[in-house]
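Peer 1: Input: one structure, supplied below.
The values are calculated or read from the model by the stated rules, or taken from the named source; none is laboratory data. Quantities reported herein were computed from a predicted structural model and do not represent experimental measurements. Every residue, glycine as well, gets a Cβ built from its backbone with ideal geometry; the counts of neighbours run over all protein chains shown.
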Amino acid sequence: MRTILTAVVPALALAATLTTTPAPAAAAAGAAAPPRLGTCTAGQLCLWRGGAFTGARQTHELADTDIESCVPLPSGTTAASLANRTGRPVTAYQSRECAETAEFRTYPTGSWSPETPYQIRAFKIWER
């Protein structure tokens, strides 16, 4: 009888380990996935209200935006993520007046930013 019990205990321990340890694929699935890029076509500046390219999206194109002019977002509107596909650098401002006393950052063309460091309230598209 003693031999049977000593064989059963290690077998039960092995079975418990196999059922409680997640498989590598399951562990990888639980890891945070990188944010999915939003939809933004070539030639556009796209701004999303939420982070990770979520929420309402605004698009701006060179054809209807003055170069090197401050373009405030509509009153009461901010953006938390952006994609710059204009072919030119874009500066995003915390201030609606593009004041350099508040936060601002320039994003080169081809930039995708899922989380901006501040709420965007205005922008400028620069000549190359």
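Peer 1: Looking at segment 71-93, which of its residues are surrounded by fewer than 19 Cβ atoms within 10 Å (Cβ to Cβ) and among the small types (G, A, S)?
Peer 2: S75, G76, G87 - these are the residues of segment 71-93 that are surrounded by fewer than 19 Cβ atoms within 10 Å (Cβ to Cβ) and among the small types (G, A, S).
Peer 1: What number of residues within segment 94-128 satisfy the criterion of being in a strand (DSSP E or B) and over 21 Å from D64 (Cα atoms)?
Peer 2: Looking only at that region, the number is 4.
Peer 1: So which residues in segment 95-128 are under 18 Å from the mean Cα position of the chain (by Cα) and either of a type in the set (S, T, N, Q) or crowded, with 19+ Cβ neighbours inside 10 Å (or both), if there are any at all?
Peer 2: Passing the criteria: T106, Y107, T109, S111, S113, P114, T116, Q119, I120, R121.
Peer 1: Next question, about the same structure. Based on what the data block shows, is R36 more than 13 Å from the chain's Cα centre (by Cα), in a loop (DSSP other than H, G, I, E, B) and modelled with pLDDT under 95?
Peer 2: Here the answer is no, as R36 does not meet what is asked.
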